[in-house]
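First the structure, in the form of structure tokens, and then the observations on it.
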Amino acid sequence: MTNTATMRAIQQDTHGSPEVLNEVELPRPVPGMSEILVAVRAAGVNPTDWGNRAQVRTINRLPLVLGWDVSGVVEAVGVGVTVFKPGDEVFGMLPYPHGVGSHAEYVTAPARVFAHKPAGIDHVQAGALPLAALTAYQALVDTADVQPGQRVFIHAAAGGVGHLAVQIAKSRGAYVIGTASAAKHDFLRSLGVDEAIDYHTVDIAEAVTDVDVVLDPLSFDAAGRARSLAVLRPGGTLVTLLPVPVDPAELADIAERGIRFEALLVEADGAGMQAIADLAETGALRAHIEATFPLAEAAKAHALGETGRTTGKIVLTVEETRQAQVAVDALGAVFAGGDATIVDSVVRPDYIQHNPLAPDGRDLQRGGLADRGSEC
């Protein structure tokens, strides 16, 4: 059966500055077994996006469509999917790091990574949450198991992960200390931070003591970890992001001090997304939106993010009317004497396509990225 349905996507064929991002037409994906096809309404832009684009992080092969955050509407479901149906509003994080591709009009992913979007928030808000909120939730809840009254120290508390981590910690009754430049302290207080510290002017090791949990999304070396370890009480927990090699002698010293050290790589998790949905529904968790850009202006979103001066999240939006017009145009082609298989690709998308996002360029008998099991 011929695949004639297409979609817009932001693709890069090489690594480099934001200008390597180009709007292209690609075959519209189709869900495989246990997958859903989502018409994207909004997709967050995260540091891992511009890091991969610039090859600071080399996770996926070219050509590449970036994006792990997604909020949208279920367009079709694969065999075995019963939790969702066409028309459902969903949000989730694609399996990290290889299940990439939400900076497009459509994306497929395993149904297990999604939750129903809370009715009380819009797609921009929902599209901003998944990767950053899951990271914060898995760090503070799944890993550190923050308890009421504990002292939680959050580096970069005004950032994408940080400002959501503050809210999650407060929802669990913690006393929260957060770092940010002085200009962002009012923002931190609005989130519920109990102590705001300007990392430019304050020696953290002298100003902060007896902390139960530190979330440090910034430190990837021994010196950075030492700054966090200095504020922890014996028996405390340090959670960093992205596993990196650590000298055995340093690990031995950390253990001798009675401190638990965990390096977290966020995992796609539908149960975690449901927990985030519950927090968002009650108003306990809300992403601060620094800026939104239409999909075609993804390069501008990357450029803004790379300044390092943003607060909260940047989000790409997809125009719903354009997606609807694609379907209308395809059906119109049928009535004008076009290939009748176009109807199948719009109404019953079960065609075979070449998937340009597959890491090895294989022809897949579906349009989405494989569920590659555990994320690494």
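For the stretch 96-108, 3J(HN,Hα) computed residue by residue from phi via the Karplus equation (6.51, -1.76, 1.60; θ = phi - 60°) reads 9, x, 8, x, 9, x, 7, 7, 7, 6, 9, 8, 10 Hz, glycine and proline entered as x. Computed over the alpha carbons of the stretch 196-261, Rg followed by Dmax gives 11.6, 34 Å.
Taken one residue at a time, the phi angles of the stretch 165-172 give Karplus couplings (6.51, -1.76, 1.60, θ = phi - 60°) of 4, 4, 5, 5, 4, 5, 5, 9 Hz. Gly and Pro are set to x.
When you count the other C-beta atoms within 10 angstrom of each residue and take the mean per peptide, 270-277, 103-110, 13-20 line up highest first as 103-110, 270-277, 13-20. Packing, as the average of other Cβ atoms within 10 Å across residues, places the peptides 79-87, 225-233 in the order 225-233, 79-87, highest first. For the peptides 296-309, 129-142, residues were scored by their other Cβ atoms within 10 Å and the scores averaged per peptide; the highest-first order is 129-142, 296-309.
In a simple Cβ point-charge model (Lys, Arg +1; Asp, Glu -1; nothing else charged), the stretch 143-264 has a dipole of about 380 debye relative to its Cα centre. Whole-Hz Karplus values for the stretch 219-232 come out as 8, 10, 9, 5, 5, x, 5, 4, 5, 6, 4, 5, 9, 7 Hz, taken residue by residue from phi with 6.51 cos²θ - 1.76 cosθ + 1.60 and θ = phi - 60°; glycine and proline positions read x.
Amide H contacts of I259: G235, each under 5 Å away and 5 or more positions distant or on a separate chain (H built 1.01 Å from N in the peptide plane; Pro and chain starts excluded). For the stretch 1-99, the square roots a ≥ b ≥ c of the C-alpha gyration tensor eigenvalues yield an a/c of 1.5 or more together with a/b exceeding b/c, which makes the shape prolate. The alpha carbons of the stretch 36-78 stretch over 35, 19, 11 Å along the principal axes, in descending order.
Value of Rg to Rh for the stretch 143-264, rounded to two decimals, is 0.94; Kirkwood radius and Rg both from alpha-carbon coordinates. Rounded to the nearest Å, what's the spacing between the alpha carbon centres of the stretch 72-141 and the stretch 270-320? Just the number, please. About 13 Å separates the Cα centre of the stretch 72-141 from the one of the stretch 270-320.
FYI, it's all coordinate maths here, none of it is from the lab. No experiment lies behind these values; they were computed from the predicted model shown. Reconstructed Cβ throughout: ideal geometry from the backbone, glycine too, with neighbour counts over all protein chains shown.
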